[in-house]
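The values are calculated or read from the model by the stated rules, or taken from the named source; none is laboratory data. What you see is a predicted model; the values in this text were computed from it and never measured. As a convention, Cβ positions derive from the backbone with ideal geometry for all residues, glycine included, and neighbour counts pool all protein chains shown. With ligands, DNA and RNA removed, areas are computed over all heavy atoms of the protein, side chains included. Shrake-Rupley method; radii C 1.70, N 1.55, O 1.52, S 1.80 Å.
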Amino acid sequence: LFVAGALCAFGLKWSALATLPLVLVFLPAWTMLRITSHGQDHAPAAALDELEIAQRETARSIGLTITQTLCLPPVLYLVWSGSLMPEADAFSTAYAGGTMLLATLLAGGCAPAMILAWNKPDPEPEN
């Protein structure tokens, strides 16, 4: 999704057509990821024990750091493209920046579930 936005920023308008299929692939993948993490990233605190709450808060903190770091380049692109390249096509610039920002927000939103799923121990085999 980020690459589709970046290609649009470089003038390849056909790359905008890739956005919808990419989002449609992302949504089921995110749902599967949340199922894998047993919903710990978005469960109410009353449903979790103290260890799970601590793990969730740590994962959310890391996810926020990832989101802020990844969102910086698209935001800078939007700010600088408007000021340094006023002759650029406003629609392409806004679409490209918005698509790149959407991709980084989705990646940051997935980060807590990815961290929790990755750190979850494998279930004990049944004999």
Exercise. Out of curiosity, is Gly63 closer than 30 Å to Pro123 by Cβ, touching a residue at least 24 places away in the same chain (Cβ under 8 Å) and in contact with a Pro (Cβ under 6 Å, 6 or more places away or on another chain)?
Worked result: yes
Problem set entry | Matching residues in the stretch 116-127 - criterion: being in contact (Cβ under 8 Å) with a residue 12 or more places away in the chain and either touching a Gly at 6+ places or on another chain (Cβ under 7 Å) or of a type in the set (D, E, K, R) (or both) | Lys120
Problem set entry | Of residues in the stretch 70-118 being under 24 Å from Gly39 (Cβ atoms) and of a type in the set (Gly, Ala, Ser), the one modelled with the lowest pLDDT | Ala117
Problem set entry | All positions within the stretch 79-92 that are surrounded by fewer than 18 Cβ atoms within 10 Å (Cβ to Cβ) and in contact (Cβ under 8 Å) with a residue 12 or more places away in the chain | Ser92
For this session: Could you pull out every one of the helices (runs of 4 or more DSSP H) wholly within the stretch 1-93 that has 1 or more residues that are among the acidic types (Asp, Glu) and within 19 Å of Leu106 (Cα to Cα)?
Result: 50-84
For this session: Taking Thr36 as the residue in question, decide whether it is open to solvent by 70 Å² or more (accessible area, probe 1.4 Å), within 30 Å of Thr93 (Cβ to Cβ) and not hydrophobic (A, V, I, L, M, F, W, C).
Result: no
Exercise. What are the pairs, 6+ residues apart or on separate chains, where a residue within the stretch 11-34 that is of a type in the set (Phe, Trp, Tyr) has its Cβ under 9 Å from a residue that is at pLDDT 85 or above and not in a helix (DSSP H, G or I)?
Worked result: Phe26/Leu1
